[in-house]
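The structure under discussion appears below in the form of structure tokens.
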Amino acid sequence: MHVLTSVDEPLIARLREEDHFFWIDLVQPDRAAVERLAKALELHPVALEDTIEFGQRPKIDPYDEQLLLVYFTARVPASPLEVHIYIAGGFMATVRQEACQALDDLHDELAAAPIHDEEALVYRVLDGLTDAFYPVINALEDEIDELERQVLVRPRREHLERTYRLKQDVRELHRLTAAQRDMFQNAHVSILGLQGFAKGTRPYLRDIGDHLVQITSEFGRQVEDLMSLTQTYFNANADRLNAVASRLTVGGTIFVLWTVVTGFFGQNFGFLVDHIESREKFLVFGVGALVIPTVILLTLFWVKRHDWF
């Protein structure tokens, strides 16, 4: 098994002539490198145009004795990565515009333990790209849980903004993986039906479809969690406002009481003028009339705090 990371036309021509299955992986190639790859592998012009432009959706395009598979993986925290995969009976070529740890690790693994099963190699590449979604799912899950904890403790405006940004990221990943899941059923059959492509002793590629179903459902669940979190933010914010209003109500009630008492003793009628004339009477009738009802109200509020607030 040969793994190439650059377009070596003489080596590619020799491998094709000797019918040795090989994998060529290009990272951030310029237009000239892609065109050289297309010439060496006799890629279809329409497929070449897609690879030069990038920015495609998950799809499979069969072309005579080869096919183009536009496949997506992801990187932490939640960044999708587009990979163009050409598969034929004698080779597999991957083209990407960004670094992909899953494919880089596979280079080292194949160098240490090469494999000669063509379907197994295609499976290893697709499985690595697919399994890269799981760390992203776990990272998003941790971020959603932490955000929910912060919202329940003290909701802030920035929590709502983070929730909306996360929702957009997860929805994009869910949309990509859902399209990829639906597309892969046809891709599975098309890959195995390529002329000269050697099938493995085990149904490797079927496992990719199962993983895509699971990943899509996980992203769908996270979208629902984020929608629920938005509602939780508004509910928590409403509870916080209700608590503030309740505290203001307690303070307002006490001030109303004090206003009534001070207003009563501020009237100039005979009983007050003739009988409340000493310090003792002032403390009993004046201060006592403020303190005793206040203590009664505060005691009532404390006893009923769990029912009213």
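The values are calculated or read from the model by the stated rules, or taken from the named source; none is laboratory data. Remember, it's a predicted structure, so these values are computed and weren't measured experimentally. Note that we place each Cβ from the backbone using ideal geometry, even for glycine, and neighbour counts take in every protein chain shown. These area figures cover heavy atoms from the full protein model, side chains too; ligands, DNA and RNA do not enter into them. Shrake-Rupley method; radii C 1.70, N 1.55, O 1.52, S 1.80 Å.
Compactness check for segment 145-220: Cα Rg over 2.2 N^0.38 Å is 1.69. Between the C-alpha center of segment 48-69 and that of segment 157-221 there is a gap of 17 Å. Each of K304 and D182 was given a label point 7 Å from its Cα along the Cα-to-Cβ line. The distance between the two points is 5.8 nm. The solvent-accessible area of H20, taken with every protein chain present and a 1.4 Å probe, is close to 90 Å².
Computed with a 1.4 Å probe on the full set of protein chains, the accessible area for E172 sits at about 50 Å². Calculated mean residue ellipticity at 222 nm for the chain: -22000 deg cm²/dmol, from DSSP H runs with n ≥ 4 weighted as -39500 (n - 2.57), summed, divided by the residue count and rounded to 500.
For the chain, what does the accessible surface come to per residue with a 1.4 Å probe? Please give it in Å². Write out the running numbers ahead of the final one.
Working: 17000 Å² over 309 residues.
With all protein chains present, the chain gives 55 Å² per residue.
For segment 2-237, the fraction of 1.4 Å probe accessible surface lying on carbon and sulfur atoms is 48 percent.
Taking only the Cα atoms of segment 2-237, how large is their convex hull per residue, in Å³? It would help to have the intermediate numbers written out before the result.
On the way: hull volume 28.3 nm³, N = 236.
Considering the Cα atoms of segment 2-237, their hull volume per residue is 120 Å³.
Close amide H contacts of L68 (hydrogens built in the peptide plane, cut-off under 5 Å, sequence separation of 5 or more or a different chain): D61, Y63. Can you tell me how segment 7-107 classifies by the Cα gyration tensor, rounded, prolate or oblate, using a/c under 1.5 as the rounded cut? Here segment 7-107 falls in the prolate category.
Sorting S278, S6 on solvent-accessible area from highest to lowest, probe radius 1.4 Å, gives S6, S278.
Within segment 21-52, whose backbone N sits under 19 Å from a point 7 Å along Cα→Cβ of A99? Residues 25-30 fall inside that zone. For the chain, modelled as a GNM whose springs connect Cα atoms under 10 angstrom apart, the maximal fluctuation among F234, F91, F264 occurs at F264. Taking 27 Å as the straight-line reach from the Cα of K39, the lysines in range (excluding those fewer than 8 positions away in the same chain) are K59, K199. Ordered by solvent-accessible area of protein heavy atoms (1.4 Å probe), largest first, the residues R36, R221 come out as R36, R221. If the cut-off is 19 Å between C-alpha atoms, which aspartates and glutamates fall inside it for K304, apart from same-chain ones fewer than 8 positions away? Once the sequence-local aspartates and glutamates are set aside, what remains near K304 is D239. When the chain is treated as a GNM with alpha-carbon contacts under 10 Å, the residue of L297, L241, L110 showing the greatest mean-square fluctuation is L297.
Using heavy atoms of the protein chains and a probe of 1.4 Å, the accessible area assigned to I24 is about 0 Å².
Put simply, the C-alpha atoms of segment 127-265 give a gyration tensor, and the ellipsoid matching it has half-axes of 58, 11, 9 Å, longest first.
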